[in-house]
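Accompanying notes for the structure given below.
The values are calculated or read from the model by the stated rules, or taken from the named source; none is laboratory data. Quick caveat, the model's predicted, so the values are computed rather than measured. Cβ sites come from the backbone with ideal geometry, for glycine too, and all protein chains shown count toward neighbours. For the accessible areas, the whole protein counts, side chains as well, though only heavy atoms, and no ligand, DNA or RNA atoms are used. Shrake-Rupley method; radii C 1.70, N 1.55, O 1.52, S 1.80 Å.
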Protein chains: 2
Amino acid sequence: MKSLNENLIGIAGGAARLQTPALVIDLDVFERNLTHMVAHAKKAGIGLRPHAKTHKSVEIARRQIAAGANGVCCAKLGEAEALAEGGIEAILITSPVVTEAGIARLMALNAHIADLMAVCDNAKVAARLDAAAQAAGKPLKVLVDIDPGMSRTGIRAADAPALVEQVAAARGLVYCGLQCYAGQVQHLESPNERRAASLQAMKELGDLRDALARAGHAPKIISGGGTGTFDIDPEARVLTELQVGSYIFMDRQYNDVWEKPGDRVPFETSLFVQTTVISANRPGLATTDAGFKSFATDAGQPLLHSGAPEGSVYFFFGDEQGGVSYPKDGPLLQPTDVLRCVVPHCDPTVNLYDRYHCVRGDVLEAIWPVDGRGRSA
Amino acid sequence: MKSLNENLIGIAGGAARLQTPALVIDLDVFERNLTHMVAHAKKAGIGLRPHAKTHKSVEIARRQIAAGANGVCCAKLGEAEALAEGGIEAILITSPVVTEAGIARLMALNAHIADLMAVCDNAKVAARLDAAAQAAGKPLKVLVDIDPGMSRTGIRAADAPALVEQVAAARGLVYCGLQCYAGQVQHLESPNERRAASLQAMKELGDLRDALARAGHAPKIISGGGTGTFDIDPEARVLTELQVGSYIFMDRQYNDVWEKPGDRVPFETSLFVQTTVISANRPGLATTDAGFKSFATDAGQPLLHSGAPEGSVYFFFGDEQGGVSYPKDGPLLQPTDVLRCVVPHCDPTVNLYDRYHCVRGDVLEAIWPVDGRGRSA
């Protein structure tokens, strides 16, 4: 489907005239976020493999790779297929692919792009991947996925050496190293707790790395980390690359992690949902066009960024609408008024939209597809 | 994008082999739900205009109209455009369309289909709709939207007669009646409270109807109601048609409304998310491929329906994964195991998927597109 807003590209004031709800990127801020992370990684002497689960966009993946990233991460096979269709050649799929049909798709993707890596946390699945890759005639690069105590995916460090041994010995597989994502520490709001928990996870991972090296299986790649620990993980000198995702957008949830004084990061919010007032028949209350279908709701309410009177609060008003509660003694909100909100949680919010509306000041500069939207299978 | 699962259509056992997460309709149950609502409305002497915001599907809208509905409701202009592209000709858009570009699209849609109705709750917007319809050369049918005390959209009953007068007098508009959706009462879990609140809202609406009739503006259509009050609203004899939506699917939230003994409804759950175990390295814990991107999260956790041991509980494990906590003394869950979940809230969950996988028993019978997915603008 053609974008409703294509006619507004390049027109002064076009940004305010988007048909809404619309997902908006402030390009100036977005570009600064990209640049700052590259500078940080360079200074810290660590690689970047940004997580495309955040943006699901070929255009953004291209920019991240052009800025020096080793490639991108995808959460799911479908997301990786979508980015590969758009020409992205270096992809790590960070969730295990386990089913027969999934493994067949993985082999097709491996044949199609230059640099695909998969993860594995299970001996039976490793055997199936090996057999499939041997049958397909192109070895599959594999990182063994380590559980940092989150118990989501990954094998416990104690059980990892046997699986590493199996992967390294498999003729169809190329053992490339480890993945370890400590998701449970990313949003700890106390900097000291976040630091301690992250460094503890890195310490255990470092011990595993050393043990593997002694056994002749030194991991070339150790991939992990996130936006919440981007400045903590590198000092442990265990990870070789950071899987940072949200730094490009900075949602309300990640802003909360750093909102305390002295706790500054170089990243600013570049992603917004733009919404329009559609009804306003009660004092101090306006109804917008963006509800549960326009924001992921797992992380609380959106935060009003612009367009509403000082002291306004946004709330969900069902599937299709939002509400703005605002001071009764100030200016009135009226139908057609335009508001922007910081999203509570960027990744699943992006997954609701087919396209980004990229603005610079009041100009709509470009529309980028969310290529991997809905590709969770 | 082609469905990953098309090759499974018609194959015995195909339903269990879907690439997941997948949105699944149990067709036998779905068809019974459709039939039961038609029988109910016939017996109650009330019309049906089912809400397509639930399903966003041309195929389902067609079936609802073929079974005798007056047409369907759409929440948004974009959703209506999507169904109109698929040949649906009778659509009520239940949210106000207010912007200049939105009104232009509304006029284009009005020119394109036989029986479009819009709602209005604001005098200035009514004037704009009138001018646009006059310029377009085809009058626009309008229901005046009444606020039943929810304060979301709609004009207060006391202020409605003046707006009705304006709409009825407008040369570009055809005054067709009223809309009044008492969303706030649909999920009240006490049947007595739900009944009392709903009948109170209907009483006030009936008084308005009578006052309008005395002023020469008897509403031909009074559209409202939902699945939560499908069996309460008709007895008030105010609504002429029910905007029921969720009855076709029955999510966990609506099941909760009726789960008490003696509180039976003829609707059963027909909609599921099918998910696959991708990791299981801890006793009593398995990780699936369906998280925040595969379920709307505004109404709590999914409910395990099949595939997991007795006593298992599903929980969200981040954007990409779900978790199943299950008794440690029973059968083990393993990668590739397939589970089905009842979704917490159907409408925004459907909005995450590009297609329905329609199963009958263990056979995948058809794949239907979610035509209006993401069309919230």
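With the cut-off at 1.5 for a/c, could you classify segment A:17-166 from its C-alpha gyration tensor as rounded, prolate or oblate?
Values: a/c = 2.04, a/b = 1.59, b/c = 1.29.
Note, shape of segment A:17-166 comes out prolate.
Note on the protein assembly as shown: dipole from Cβ charges, positive end direction compared against A:A290, B:L239, A:I113; the farthest Cα belongs to A:I113.
Among the DSSP helices (H) of chain A, none spans at least 30 angstrom by Cα along its long axis with an average Kyte-Doolittle hydropathy of 1.6 or more; this is a geometric and hydropathy rule only. For segment A:334-341, putting each phi into the Karplus relation 6.51 cos²θ - 1.76 cosθ + 1.60 with θ = phi - 60° gives couplings of 9, x, 5, 4, 10, 10, 10, 10 Hz, in residue order, rounded to whole numbers and with x for Gly and Pro.
Just the protein heavy atoms count here, and of the accessible area of segment A:38-125 at 1.4 Å, carbon and sulfur take up 56 percent. Between identical copies, the spacing of A:A123 label points, each set 7 Å from Cα toward the C-beta atom, reads 7.9 nm from nearest to farthest. Between copies, the label points of A:D354, set 7 Å from Cα on the Cα→Cβ line, lie 1.2 nm apart, reported in increasing order to one decimal in nanometres.
Expressed as a fraction of 2.2 N^0.38 Å, the C-alpha radius of gyration for segment A:92-164 is 1.08.
Ignore the peptide's own chain and count Cβ atoms of other chains within 10 Å of each Cβ in A:18-25; give me the average, rounded.
Per residue, the number of nearby Cβ atoms from other chains is 3 on average.
Loop sites by DSSP among the trypsin sites (Lys or Arg not before Pro) of chain B, restricted to those with at most 16 other Cβ atoms within 10 angstrom, leave B:3-155 as the longest stretch without any of them.
Give the B-A buried accessible area in Å², both sides summed, 1.4 Å probe, nearest 100. Show your work: numbers first, answer last.
Numbers: alone 15950 and 15950 Å², together 26580 Å².
Approximately 5300 Å² gets buried when B meets A.
Given q = 0.10, 0.18, 0.25 Å⁻¹, what are the Debye log10 I(q)/I(0) values for segment B:18-105, with equal point scatterers placed on the Cα positions and solvent ignored? After summing over all Cα pairs, the log10 values are -0.31, -0.84, -1.23.
Amide H contacts for A:L116 (H built 1.01 Å from N in the peptide plane; partners 5 or more residues away or on another chain; cut-off under 5 Å): A:I91.
Of all beta bridges that DSSP places with both ends in the protein assembly as shown, some 50 percent have antiparallel geometry.
Distance distribution note for segment B:224-332: the fraction of Cα pairs above 20 angstrom is 52%. When the other protein chains are added to the chain by itself, burial of at least 30 square angstrom of heavy-atom accessible area (probe 1.4 Å, ligands and nucleic acids ignored) affects these residues of segment A:98-114: A:V98, A:T99, A:R105. About the centre of its Cα atoms, the protein assembly as shown shows a dipole size close to 700 debye [charges on the beta carbon of Lys, Arg (+1) and Asp, Glu (-1) only; nearest 20 debye]. Between the beta carbons of A:A114 and A:A169, assuming R0 = 22 Å, the FRET efficiency works out to 0.35 to the nearest 0.05. Between the amide H of A:L48 and those of A:N70, A:L242, distances stay under 5 Å, these residues lying 5 or more places away or on another chain, with hydrogens modeled in the peptide plane.
In segment B:261-282, the residues whose accessible area drops by at least 30 square angstrom when the other protein chains are added to the isolated chain are B:I278, B:S279, B:N281, B:R282; the probe is 1.4 Å and only protein heavy atoms count. A simple count of charges around B:V29, restricted to other residues whose Cβ falls under 12 Å of its Cβ and scoring Lys, Arg +1 and Asp, Glu -1, yields -2.
In whole angstrom, segment A:332-373 maps to an equivalent ellipsoid with semi-axes of 22, 16, 9, each derived as √(5λ) from the alpha carbon gyration tensor and ordered largest first. Considering every alpha-carbon pair of the protein assembly as shown, the percent of pairs per 20 Å bin, from zero through the bin containing the longest distance, is 17, 48, 29, 6, 0.
Calculate the translational D of segment A:290-332 in whole µm² s⁻¹ from Stokes-Einstein, where the hydrodynamic radius comes from the Kirkwood formula applied to all Cα pairs, the temperature is 10 °C and the viscosity 1.306 mPa s. If you can, show how the numbers build up before the last one.
Details: Rh = 11.0 Å.
Rounded to a whole number, D works out at 145 µm²/s.
Compare each residue of segment A:306-320 in its chain alone against the assembly with all protein chains, and report those whose accessible area goes down by 30 Å² or more; 1.4 Å probe, heavy atoms. With the partner chains in place, segment A:306-320 has these residues losing at least 30 Å²: A:F317, A:D319, A:E320.
Its Cα gyration tensor gives segment B:119-253 an equivalent ellipsoid. The semi-axes, each the square root of 5 times an eigenvalue, are 29, 16, 12 Å from largest down.
What shape does segment A:196-266 take by its C-alpha gyration tensor, where a ≥ b ≥ c are the square roots of the eigenvalues and a/c under 1.5 counts as rounded, a/b above b/c as prolate, and the rest as oblate? Because a/c hits 1.5 or more and a/b exceeds b/c, segment A:196-266 counts as prolate.
Taking only the Cα atoms of segment B:240-296, how large is their convex hull per residue, in Å³? Display every interim value, and only then the final one.
Details: hull volume 7.2 nm³, N = 57.
Expressed per residue, the convex hull around the Cα atoms of segment B:240-296 is 126 Å³.
Over the protein assembly as shown, accessible surface divided per residue gives 35 Å², non-protein components excluded, 1.4 Å probe. Computed from phi, the 3J(HN,Hα) profile of segment A:17-24 under the Karplus parametrisation 6.51, -1.76, 1.60 (θ = phi - 60°) reads 10, 4, 5, 10, x, 9, 8, 10 Hz, with x in place of Gly and Pro. Taking GluC sites (Glu not before Pro) across segment B:285-377, the ones in a DSSP loop with at most 11 further Cβ atoms lying within 10 angstrom of their Cβ are B:E310.
Close amide H pairs (under 5 Å, H built 1.01 Å from N) link B:F316 with B:G323, residues at least 5 positions away or on another chain.
Treating r as the C-beta distance of B:R237 and A:K43 and R0 as 60 Å, the FRET efficiency rounds to 0.20. When the Cα positions of B:V24, B:L129, B:A39 are compared along the charge dipole of segment B:1-131, B:A39 comes out farthest toward the positive end, with charges on each C-beta of Lys, Arg, Asp and Glu.
Nearest chain B C-beta to the B/A rotation axis, reported as residue and distance in angstrom, is B:T297, 3.
Tell me, rounded to the nearest percent, the portion of alpha carbon pairs in chain A spaced more than 38 Å apart.
23
Here, segment B:301-363 yields an orientationally averaged convex hull projection of 5.4 nm² when only Cα atoms define the hull. Summary for A:E31: label point 7 Å along Cα→Cβ; distances to the equivalent points in the other copies, ascending, 5.9 nm.
Just how large is the dipole of segment A:1-43 about the Cα centre, in debye to the nearest 20, putting +1 at every Lys and Arg Cβ and -1 at every Asp and Glu Cβ?
Values: 5 positive and 4 negative charges, 32 e Å.
Here segment A:1-43 has a charge dipole of around 160 debye.
As an exercise, use a Förster radius of 51 Å and the Cβ-Cβ distance of A:A218 and B:E89 to find the FRET efficiency, rounded to the nearest 0.05. After rounding, the FRET efficiency stands at 0.15.
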